[in-house]
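Accompanying notes for the structure given below.
What follows draws every value from the coordinates through simple rules; no lab data is involved. Remember, predicted model here, so these are calculated numbers, not experimental data. So basically every Cβ, Gly included, is an ideal-geometry build from the backbone, and we count neighbours across all protein chains shown.
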Amino acid sequence: MFQKWIDKSMRKSPWIYHINAGSCNGCDIELVSVLTPRYDAERFGFHLTGTPRQADIVVVSGPITMQSVDRLIRTLAQVPEPKCVVSLGSCPRSGNVFKGSFAIAGPLEKYTHVDVSVGGCTPKPEAIVAGLAKAAEILEEKRREMRKHGGMAPSPAVAAAVEHEERAEFGTGDATAVRQGAEQEADA
Amino acid sequence: MIFPYLGQAIRNLFTKPATEKFPLAEAPAAQPHYRGRIAYDPSVCVNCGMCQKVCAPQAISRDIHPLPNGDQEITLTFDLTSCTFCGTCADFCARHAIHLTEDYMIVGTKPEDFLVSGTFTKKKPPAPKFTPEQIAAMKAAAEAKKKAAAEKAAAETK
């Protein structure tokens, strides 16, 4: 009965959770400026939330450092489906100028499916707004898809979520392997 | 005056909001000399490779594909997900084949959305008219001729 009403409310309030995975702070500043009165993403319902459990859109900035990768995976696993991952700036997709560094465990695609990427170093706030709008559209689509499957995420997403949880619980995921590999290299 | 900002407050009631209309309206233009999406013109490129050398995040890749007639098909690809938009490649380009445009809307869902590439064909250099042996022989002949002329001149003065 209330489904239509709930759908409309969900569409009008995609909440953002921001993960800083070793960013230089440039992208973080621009993301915050998106929420200021000048660009005001809150008129479309984008709201920066403090916990991943209430988030719909996850914005990741930074080149995924060794220190942050475990936390990134654990945080992403806590975001309920359907979720939409947005990479902010050049760093999460490639490592940018930090490419090839011993302290980098990126790119982000190794750990999760990236739905929307906003390029630039740093992106302009308008570009970020456009990216978020696209992410909201994708989120809407995913939600519709999920309803078709009886409230479950389509299989790849479920598999990814389960995998993430396993990684977070047992610490046997890519991140640990990568880190062990790096440590062995350092020892040798 | 008790309310020094009252005038400002009343004026603000009748002014337009400071919020930008985007995305409901068109995106505003960037500042002049903004360094956005790369534009590459392969028709003036000479394949010197300088851009690739100066690119700090290694965003530029070059693919040289030899053709059967001796020409080379050269493709330069700029990966905007690696780019720092520093503009060094454009500064170092001797032929001005690279420009950083003012287009900042670099938003996409696929990696292909972030690639800028261009292809051109580098002609095989024309074969030289004479082989090095022929040139050496011609030089020797010229030398001998000169020597003979000098000897003849010397004999005449005696």
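Averaged over residues, the count of other Cβ atoms within 10 Å places the peptides A:1-13, B:110-122, B:82-94, A:112-124 in the sequence A:112-124, B:82-94, B:110-122, A:1-13, highest first. A crude spin-label estimate for the pair B:Thr15 and A:Lys4, with each label 7 Å from Cα along the Cβ direction, gives 4.3 nm. In a Gaussian network model over chain B where Cα atoms closer than 10 Å are linked, find which of B:Ala25, B:Ala39, B:Ala136 has the largest mean-square fluctuation. Most flexible of the set in this elastic network: B:Ala136. Legend: mean number of C-beta atoms from other chains within 10 angstrom of residue C-beta atoms, peptide B:77-87, equals 5.
Each DSSP beta bridge with both residues in the stretch A:1-158 is either parallel or antiparallel, and the antiparallel ones are about 5%.
Working note: Karplus 6.51/-1.76/1.60 with θ = phi - 60° gives the stretch B:56-72 the couplings 5, x, 6, 8, 9, 10, 10, 10, 9, 10, x, 9, x, 8, x, 6, 10 Hz, where Gly and Pro are set to x. Remark on B:Ala39: its backbone amide H falls under 5 Å from those of B:His99, B:Leu100, B:Thr101, a criterion applied only to residues 5 or more positions apart or on other chains, H modelled at 1.01 Å from N.
For A:Val59, the residues 5 or more places off, or on other chains, whose built amide H falls under 5 Å of its own are A:Tyr17, A:His18, A:Ile19, A:Val86. Residue by residue, the stretch B:95-108 carries 3J(HN,Hα) couplings of 9, 6, 7, 10, 9, 9, 7, 8, 7, 9, 7, 9, 10, x Hz when phi is fed to the Karplus relation 6.51 cos²θ - 1.76 cosθ + 1.60 (θ = phi - 60°); x denotes Gly or Pro.
Straight-line cross-link reach from B:Lys53 at under 16 Å between alpha-carbon atoms covers these lysines, not counting any fewer than eight positions away in the same chain: A:Lys99. Taking Lys and Arg as +1 and Asp and Glu as -1, the other residues whose beta-carbon sits under 11 Å from that of B:Asp71 total +2.
Annotation: the antiparallel percentage among DSSP beta bridges lying fully within the protein assembly as shown is about 60. Separation of the stretch A:7-70 and the stretch B:61-81, taken as the distance between their Cα centroids, equals 39 angstrom.
Each residue of the stretch A:45-51 was assigned a 3J(HN,Hα) from its phi angle through the Karplus expression (A = 6.51, B = -1.76, C = 1.60, θ = phi - 60°), giving x, 5, 9, 7, 9, x, 10 Hz with x at Gly and Pro.
Relative contact order, whole percent, for the stretch B:28-127 stands at 41, derived from Cα pairs under 8 Å and 6 or more residues apart. Over the residues of the protein assembly as shown, the helix contribution to mean residue ellipticity at 222 nm works out to -12000 deg cm²/dmol, using -39500 (n - 2.57) for each DSSP H run of at least 4. Take each residue of peptide B:22-29, count the partner chain Cβ atoms within 10 Å of its Cβ, and average: the result is 3. Structure note, pairs A:Lys83/B:Lys16; A:Lys8/A:Lys110; A:Lys8/A:Lys134: Cα-Cα distances above 24 angstrom occur for A:Lys83/B:Lys16; A:Lys8/A:Lys110. Per-residue mean of foreign Cβ neighbours for A:105-116 is 1 (Cβ atoms of other chains, 10 Å radius). Let's test the formula: R0 of 56 Å, r as the Cβ-Cβ distance of B:Cys86 and B:Ala148. What FRET efficiency results, to the nearest 0.05? Calculated transfer efficiency: 0.30. If I build a Gaussian network model for chain B, linking alpha-carbon pairs within less than 10 angstrom, which residue out of B:Asn69, B:Asn12, B:Asn47 has the largest mean-square fluctuation? Maximum among the listed residues: B:Asn12. The amide H of B:Thr119, built 1.01 Å from its N in the peptide plane, has no neighbour under 5 Å, considering only residues 5 or more places off or on other chains. Charge tally for B:Lys21 (other residues, Cβ to Cβ under 11 Å; Lys, Arg +1; Asp, Glu -1): -2.
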